[in-house]
Structures are given as C-alpha cells and as structure tokens.
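Report on the structure given below.
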Amino acid sequence: MYIDIPLITAMVAIVACLYASYTDLKSGIIPNKLTFPLIAIGLVLNGIYAFLMGEIWIIISCAVITGIIFVLGYLLWKMGAWAGGDVKLFTALAALIPFNPLLVSYQLFQVPLPVLGIYPFPLTVIINSILSILPFILIYVIYTVFKYKRELIDELTAPVRNYRKNIVQALVITSAVNISLFITQLTHLQIILISLIMIYLFSTLISKLPSKVKAVVVSVVIVVALFYYFQVTLVSIVILFVSINIVKTVIKLLGSVSKKALQDDVPLDKLREGMIPAYNVYQQDDDEIFVDDKSFTQKLKESFKNKDPSLITTPQGKRLVGTLAAGLTDKDIDLLKKLNQEDKIPDEFRIKKGVPFAPSIFIGLIISLFIGDLVRIIQMILIWIL
C-alpha cells in the first residue's frame, strides 16, 4: 500500500498552523504542547519516508534544514525580532515539510505554479510569512479599532471623508499623466523610468500652482483627454480616486491609528513578563532618564525641519529597556519600579500590543504550498514590467 507521506505532513502542518493561529489570537501564545510534538512527528515521518524511498539523504537533509531554521530563529529571538513560540513553530514546519511537497501543479497566465524558490522550502515559508504580515496587521488594527477603541474611527475614516481633496489629486495626477504621455509620444522617449519621473514632476508642478491657475490647467487637460480617450480617462480618474483613498487610509492605519490602537498605558504594578515596551528607555551620562518615544518617521521629519541629521540617530547613553519582541523580563520590571520610586519615570508605562504572528505564518504556508515563493514571483513581475 502506497502512503503519501509528503501529503500527510503538509496536511498536518496546515492544521497545526490553523490551531496555532487560534491560540495566538486568543491568548497570544503558541503552546509548546503543539510545537514540540510536531518537531518529533516531522522527523519521524520523514525518517519513514526516507526508509520507504530508500533515500537516506531525505532524513539527513530534513534534520540539517530543521537545525538551520532553529538556529536562525534562535538568533532572531535573541535579537528580539521573534517570540519563542514563532521560532518553535517555524522549526516544526521545517521538520514536517523540509521540501516542497508539490500538492498541486497548474498554470496561470502561462506561468507554472507553484513557483519554487532557490532556497529550502522552510525559508520560502518564512519569507512569505513576513511578507504576509502587512495585510494581516491592517485587518488586526481595523478589528481592534472597531472592537475596543471606537474613538479612533473618525481618525481612521478621515481620508475617505476628505473626498474633495482626493478628487483634486486624482485630476492633477491624470493631467500629469496625459501631459507626460503627449511629450513622450512627441519626442519618442517612451521609456518607463523617464515617464514616471515626468509624471511626478508635472504632478508636483501643477499642485504648486495657484488655485485658479491649477483649476484652468487641469480642466483644459482633462477635457482634451476626455475628448480623445473618453473611456480610458474616465476609468483612470476613478481608479486613481479609489487608490488615493486606499493609500491614505493604509498610511493612517500603519501610522497614528496603529500606534494608538495597539498601545496602552499600564500601571507599573500590573506589568508582566513578556509585555512589549512601546518605547526605549535610556540612562544618559548624567544619570538622567530619557524616554525615546518618537517613531523613525517623526525623527526624520524633525531632522529635515531642523536640518540636524543627529536627530535620527539613537540617543546617547545606556539603554535600560528596549522594544524587543521578547518583551519585558522580571529584571526590567523591577528596574522600572525602582526608577519610579526615584521619581524618574511616571506610575504608568506604555505597552505595545503584540500583533499575533501565527496567522501570518498560516497565510505564508498556504501561499508557499499553492502559489509559491513570493520573492521569485515579484522578481518575475518586475522583469516582465521592465
């Protein structure tokens, strides 16, 4: 009787990631009782598969790849980039499916899928999971806002409510595109990079014009464009308008709304091990305590405004508490309480809600199995465009 072990291990991995996503969303934990048995099951099943196939290299490669993924994950955990549960889940996936099981094979736009990566399959899962976290963060922030922080709804929907400004921007960009198209056709310089630069320059130039002059320029260009390319121009304006609303909303989600929705001020006596600080705390040379609560974007803006590049750099002094994914330790909490007793920090400390990573790992696994390596796919799209 033939047993399709790669299919079995892939199905086990999918179910395990689904369960891990549930526990991570519910309690913020990927349990050891899930990951440790999975590592053992993966090694045993691949050992059986190697025996049945008469290929000892299968189990050797499986063990080596699993070890490499664990070491990589451990290093990232030590650096504070990953939580311990994420490391163990990725290790378990490496033990279960060290090679792409090729569950499906099909073509889309004459491209064979899934697209295989040039590195071991578990690395494809890791990369796809990291790339998948952005859409998940957006969904998670929206859920948090509507569920727990409804006062942020007005700020979140502000870009959509400011539709008049967005319509003007869509018309300005459409005008810039048409002017650039006319010039490139006239000069026979139909090169994508040059066209993009011209569109940006004309968009900026038209935006800087006085309101009445801008209205005349945009009106003339749009009327001419509608006369020659009515359907294309109209569709372009609609697409641009929708895109501008989406982009501005996403920027809000990833910026101020995300910061407010995923951070809470917690009393020092309620701090627990594993909670993630929202900012770094430094002790400067004069023993003063400095809280670095500004984002990189804020620092960049201040640097340009004040023409002082040093504002971007890390503050001088010893970092006492950092914003690492591993979170606070008991030693960190004791230190914060001591600093509070010395009146150097307030009674509350801002904590960042950790975004569950397991759902992104699940999404990354599904993409890896049925679509392929996103880096290779993006590379293929860029080559096709350019």
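Tell me yes or no: at least one residue of region 141-148 is in contact (Cβ under 8 Å) with a residue 24 or more places away in the chain, under 24 Å from the mean Cα position of the chain (by Cα), in a helix (DSSP H, G or I) and buried (at least 20 other Cβ atoms within 10 Å of the Cβ).
Yes, the conditions are met somewhere in region 141-148.
Tell me, which residue of region 337-373 that is over 21 Å from A20 (Cβ atoms) and hydrophobic (A, V, I, L, M, F, W, C) is surrounded by the most Cβ atoms within 10 Å (Cβ to Cβ)?
Looking at residues that are over 21 Å from A20 (Cβ atoms) and hydrophobic (A, V, I, L, M, F, W, C), I get F349.
Give region 47-75 a look and list any residue that's part of a loop (DSSP other than H, G, I, E, B) and open to solvent by 80 Å² or more (accessible area, probe 1.4 Å), or say none. First the steps, then the outcome.
Our first condition is that a residue be part of a loop (DSSP other than H, G, I, E, B); within region 47-75, this holds for 54-56.
The answer is I56, and nothing else.
How many of the residues in region 250-275 are among the β-branched types (V, I, T) and open to solvent by 30 Å² or more (accessible area, probe 1.4 Å)? Spell out the reasoning first.
Step one: list which residues in region 250-275 are among the β-branched types (V, I, T), which gives 250-251, 257, 266.
Next, only the ones that are open to solvent by 30 Å² or more (accessible area, probe 1.4 Å) stay: 250-251.
Selection size over region 250-275: 2.
Could you tell me how many of the residues in region 1-14 are open to solvent by less than 10 Å² (accessible area, probe 1.4 Å) and either farther than 26 Å from G84 by Cβ or of a type outside the set (S, T, N, Q) (or both)?
Of region 1-14, the ones open to solvent by less than 10 Å² (accessible area, probe 1.4 Å) are 5, 9-10, 13.
Narrowing the set further to residues that are either farther than 26 Å from G84 by Cβ or of a type outside the set (S, T, N, Q) (or both) leaves 5, 10, 13.
Here the count works out to 3.
Only one residue in T35, T66 is under 30 Å from K352 (Cβ atoms) and in contact with a Leu (Cβ under 8 Å, 6 or more places away or on another chain), so which one is that? If you could, list the steps in order and put the result at the bottom.
Values: T66 fails: under 30 Å from K352 (Cβ atoms).
Exactly one of T35, T66 is under 30 Å from K352 (Cβ atoms) and in contact with a Leu (Cβ under 8 Å, 6 or more places away or on another chain), namely T35.
Look at L93 and say whether it is open to solvent by 50 Å² or more (accessible area, probe 1.4 Å), at pLDDT 85 or above, touching a helix residue (DSSP H, G or I) at 6+ places or on another chain (Cβ under 6 Å) and part of a helix (DSSP H, G or I).
no
Name the residues in region 109-133 that are open to solvent by less than 50 Å² (accessible area, probe 1.4 Å), of a type in the set (S, T, N, Q) and at pLDDT below 90, would you?
The one that is open to solvent by less than 50 Å² (accessible area, probe 1.4 Å), of a type in the set (S, T, N, Q) and at pLDDT below 90: S132.
Please indicate, with yes or no, whether at least one residue in region 81-90 is free of Cβ contacts under 8 Å to residues at least 40 places away in the same chain, assigned to a helix (DSSP H, G or I) and either open to solvent by less than 50 Å² (accessible area, probe 1.4 Å) or touching a Phe, Trp or Tyr at 6+ places or on another chain (Cβ under 6 Å) (or both).
From region 81-90, those free of Cβ contacts under 8 Å to residues at least 40 places away in the same chain are 87; that's our starting set.
Now restrict to residues that are assigned to a helix (DSSP H, G or I): 87.
Narrowing further to those that are either open to solvent by less than 50 Å² (accessible area, probe 1.4 Å) or touching a Phe, Trp or Tyr at 6+ places or on another chain (Cβ under 6 Å) (or both): 87.
Within region 81-90, one or more residues are free of Cβ contacts under 8 Å to residues at least 40 places away in the same chain, assigned to a helix (DSSP H, G or I) and either open to solvent by less than 50 Å² (accessible area, probe 1.4 Å) or touching a Phe, Trp or Tyr at 6+ places or on another chain (Cβ under 6 Å) (or both).
Show me the helices (runs of 4 or more DSSP H) entirely contained within region 325-386 in which 3 or more residues are in contact with a helix residue (DSSP H, G or I) (Cβ under 9 Å, 6 or more places away or on another chain) and β-branched (V, I, T). Working first, answer last.
On the way: elements: 330-341, 358-370, 374-385.
The helices (runs of 4 or more DSSP H) meeting that bar are 358-370, 374-385.
Just checking, how many residues over region 15-33 are buried (at least 18 other Cβ atoms within 10 Å of the Cβ) and either in contact with a Cys (Cβ under 6 Å, 6 or more places away or on another chain) or modelled with pLDDT of 90 or more (or both)? Walk me through it before giving the result.
Pass one, region 15-33, residues buried (at least 18 other Cβ atoms within 10 Å of the Cβ): 16-17, 20-21, 24, 30.
Add one more test, that the residue is either in contact with a Cys (Cβ under 6 Å, 6 or more places away or on another chain) or modelled with pLDDT of 90 or more (or both), and what stays is 16-17, 20-21.
Residues in region 15-33 being buried (at least 18 other Cβ atoms within 10 Å of the Cβ) and either in contact with a Cys (Cβ under 6 Å, 6 or more places away or on another chain) or modelled with pLDDT of 90 or more (or both): 4 in total.
Can you tell me which residue in region 3-35 is nearest to L89 (Cα to Cα), limited to those that are part of a loop (DSSP other than H, G, I, E, B) and in contact (Cβ under 8 Å) with a residue 24 or more places away in the chain?
I30
Run down V160, V247, V218, V224 and say which single residue is open to solvent by 50 Å² or more (accessible area, probe 1.4 Å), without any contact (Cβ under 8 Å) to a residue 60 or more places away in the chain and over 30 Å from W384 (Cβ atoms).
Values: V160 fails: without any contact (Cβ under 8 Å) to a residue 60 or more places away in the chain; V247 fails: over 30 Å from W384 (Cβ atoms); V218 fails: open to solvent by 50 Å² or more (accessible area, probe 1.4 Å).
After ruling out the rest, the residue left standing is V224.
Do you know which residues across region 34-46 are closer than 18 Å to I68 by Cα and open to solvent by less than 70 Å² (accessible area, probe 1.4 Å)?
Of everything in region 34-46, those that are closer than 18 Å to I68 by Cα and open to solvent by less than 70 Å² (accessible area, probe 1.4 Å) turn out to be T35, L38, I39, A40, G42, L43, N46.
The values are calculated or read from the model by the stated rules, or taken from the named source; none is laboratory data. Just so it is clear, the model here is predicted, and its values are computed rather than measured. Don't worry about glycine lacking a Cβ; one is built from the backbone with ideal geometry, like all the others, and counts go over all protein chains shown. With ligands, DNA and RNA removed, areas are computed over all heavy atoms of the protein, side chains included. Shrake-Rupley method; radii C 1.70, N 1.55, O 1.52, S 1.80 Å.
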